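Let me begin by presenting the structure, written as structure tokens, before commenting on it.
The values are calculated or read from the model by the stated rules, or taken from the named source; none is laboratory data. This structure is a prediction, so every number in the text was calculated from the model and none was measured. Methodologically, a virtual Cβ is constructed for each residue, glycine included, from the backbone with ideal geometry; neighbour enumeration extends over all protein chains shown. The accessibility values were calculated without ligands, DNA or RNA, using every heavy atom of the protein model including side chains. Shrake-Rupley method; radii C 1.70, N 1.55, O 1.52, S 1.80 Å.
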Amino acid sequence: LDKIFTPNPYAEKPAPLRPRKGVIIGVGQVGMACAYSMLIQDCFDELILQDIATDKVEGEVMDLRHGMPFIEPTDLKMGTVADVGQNADVVIITAGAAQKEGETRLHLLERNVAIFRRILEDVAVYCPSALILVVSNPVDIMTYVTLKITNFPPSRVIGSGTVLDSGRLRSLLSTQLHVDARNVHAYIIGEHGDSELAVWSSANIGGARLLEGDWQDLSAADQESLTEIFLQVKNAAYEIIKRKGYTSYAIGLATTDIVKAILRSQERILTISTLLDGQYGLKDVCLSIPSVVNEKGVIKTLNLALSPREMEQLHNSAKIMRDLIDQLKI
Ligand code: 6V0
């Protein structure tokens with residue numbers, strides 16, 4: 001044993017690893033699902049939780065800290081980007097106002113823009129090189145608002161977009177077709193919401209295209225079943241909210257997946273929401289399209305050969321987003 005453990009006097013000291021620092025702003029249902037998932041998946045060395053509800057955030061930090069002996073250590077704190085959160089690598093925003101009874105979508109949106117303005121002015125000053133990951137809804141609009149307020153390069157402002165929806169689609173197809181979800185390649189693109197679309201034209205199972213009949217069990221992949229699966233994806237949030245009042249775990253896991261792609265520079269292809277600049281003939285709007293994500297943020301976007309119908313649906317999604325942006329004072 002002595003021989004095995006004799007230290008090598010000539011060994012070079014490893015370079016110190018740079019601590020990975022994150023801030024989650026908004027610790028409601030979604031923020032806490034993100035925090036829990038990021039902690040147990042060892043994403044950050046230092047994680048700060050920020051919320052205007054100070055008692056709530058204090059309670060959450062106390063609760064999570066008691067779990068530290070059971071996971072990889074993370075220095076978990078409550079605070080703000082202006083104090084303990086300075087120079088974070090990733091800032092995740094899940095803060096939002098709850099919809100009041102009878103309130104229009106536009107009015108709620110205006111209140112969220114006001115909340116974002118306050119938050120982002122600090123982020124821009126104290127975390128000038130951070131990647132901002134927007135989760136608050138309507139996520140495509142809030143991602144655009146974030147870009148406008150911070151003036152950050154578009155590669156560093158990412159919306160969680162349809163990462164969750166694409167995950168739901170792959171999981172449902174996996175069950176329907178009896179094949180591991182990791183071998184199901186299918187995307188939901190466009191708005192994270194009612195106008196999103198499934199890109200059936202390029203959907204494939206391990207290379208076998210669904211619509212071309214390459215997949216042997218055609219009866220399982222007929223048009224009716226696919227439409228039913230898409231509707232389940234699109235309406236998933238409504239169905240969950242109807243039963244438990246909010247959605248949290250899956251979006252927490254999806255957001256963690258994006259954070260890991262960033263911190264571990266995985267170059268993953270994810271349907272995040274990003275500023276379009278000519279892709280698919282669209283400009284000056286944030287929407288989800290498959291994009292390569294690494295430590296620098298969004299480094300590439302994919303040009304899928306969409307069918308004419310899919311292209312029309314994507315343009316419709318962009319128009320809906322554009323109309324909403326035009327009504328906002330940003
Ligand atoms: P919630 O439980 O009401 O939490 C919102 C939190 O934001 C609360 O704790 C507030 O105190 C906090 N907050 C409000 N203003 C500020 C501020 N100025 N600074 C800091 N914190 C603030 O909502 P929930 O967690 O359920 O949802 C949060 C947001 O995520 C909403 O906009 C949802 O619509 C959105 N979601 C987005 C999803 C996606 O796929 N992108 C999925 C689910 C929910």
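You will find that of Thr150, Thr227, the residue that is modelled with pLDDT under 95 and farther than 18 Å from Asp257 by Cβ is Thr227 and no other.
Count of the range 137-147 residues, restricted to those that are open to solvent by 10 Å² or more (accessible area, probe 1.4 Å) and closer than 14 Å to Ile25 by Cβ, is 0.
Applying the set (1) within 26 Å of Ala250 (Cβ to Cβ); (2) within 16 Å of the ligand (Cβ to nearest atom); (3) part of a helix (DSSP H, G or I) to Ser195 leaves exactly one unmet item: (3).
Condition first: away from the ligand (no atom under 12 Å from the Cβ), among the hydroxyl-bearing types (Ser, Thr, Tyr) and either part of a loop (DSSP other than H, G, I, E, B) or within 19 Å of Ile132 (Cα to Cα) (or both). Now tell me which residues in the range 259-294 satisfy that. Write out each step before concluding.
Filtering the range 259-294 down to residues away from the ligand (no atom under 12 Å from the Cβ) leaves 259-270, 274-287, 289-294.
If we keep only those that are among the hydroxyl-bearing types (Ser, Thr, Tyr) as well, we get 265, 274, 280, 291.
Within the range 259-294, Ser265, Thr274, Ser291 meet the criteria.
Screening Thr256 on (1) out of contact with any strand residue (DSSP E or B) (no Cβ under 8 Å at 6 or more places or on another chain); (2) open to solvent by 20 Å² or more (accessible area, probe 1.4 Å); (3) part of a helix (DSSP H, G or I); (4) touching a residue at least 12 places away in the same chain (Cβ under 8 Å) shows it passes everything except condition (2). Only residues that are of a type in the set (Asp, Glu) and either within 23 Å of Phe152 (Cα to Cα) or within 16 Å of the ligand (Cβ to nearest atom) (or both) were counted in the range 54-75, giving 4.
Taking the conditions (1) closer than 19 Å to Ile262 by Cβ; (2) more than 15 Å from the ligand (Cβ to nearest atom); (3) among the small types (Gly, Ala, Ser) in turn, Ser37 satisfies each one other than (2). Tell me, yes or no, whether the range 76-83 has at least one residue that is open to solvent by less than 80 Å² (accessible area, probe 1.4 Å), within 16 Å of the ligand (Cβ to nearest atom) and within 26 Å of Leu164 (Cβ to Cβ). Scanning the range 76-83 turns up at least one residue that is open to solvent by less than 80 Å² (accessible area, probe 1.4 Å), within 16 Å of the ligand (Cβ to nearest atom) and within 26 Å of Leu164 (Cβ to Cβ).
Residues Ala130, Ala33, Ala98, Ala88: which one is at negative phi, of a type in the set (Gly, Ala, Ser) and surrounded by fewer than 20 Cβ atoms within 10 Å (Cβ to Cβ)? It would help to see each step written out before you state the result.
Details: Ala130 fails: surrounded by fewer than 20 Cβ atoms within 10 Å (Cβ to Cβ); Ala33 fails: surrounded by fewer than 20 Cβ atoms within 10 Å (Cβ to Cβ); Ala88 fails: surrounded by fewer than 20 Cβ atoms within 10 Å (Cβ to Cβ).
Result of the check over Ala130, Ala33, Ala98, Ala88: Ala98.
Condition first: surrounded by fewer than 17 Cβ atoms within 10 Å (Cβ to Cβ), assigned to a loop (DSSP other than H, G, I, E, B), among the charged types (D, E, K, R) and within 14 Å of the ligand (Cβ to nearest atom). Can you find one or more residues in the range 171-191 that meet it? There is no residue in the range 171-191 that is surrounded by fewer than 17 Cβ atoms within 10 Å (Cβ to Cβ), assigned to a loop (DSSP other than H, G, I, E, B), among the charged types (D, E, K, R) and within 14 Å of the ligand (Cβ to nearest atom). Exactly one residue out of Ala237, Ala250 is under 19 Å from Ala198 (Cβ atoms) and in contact (Cβ under 8 Å) with a residue 60 or more places away in the chain: that is Ala250. Within the option set Val123, Val157, Val113, Val135, being under 15 Å from the mean Cα position of the chain (by Cα) and within 12 Å of the ligand (Cβ to nearest atom) holds for one residue only, Val135. Candidates Lys21, Lys13: the one that is more than 16 Å from the ligand (Cβ to nearest atom) and open to solvent by less than 40 Å² (accessible area, probe 1.4 Å) is Lys21.
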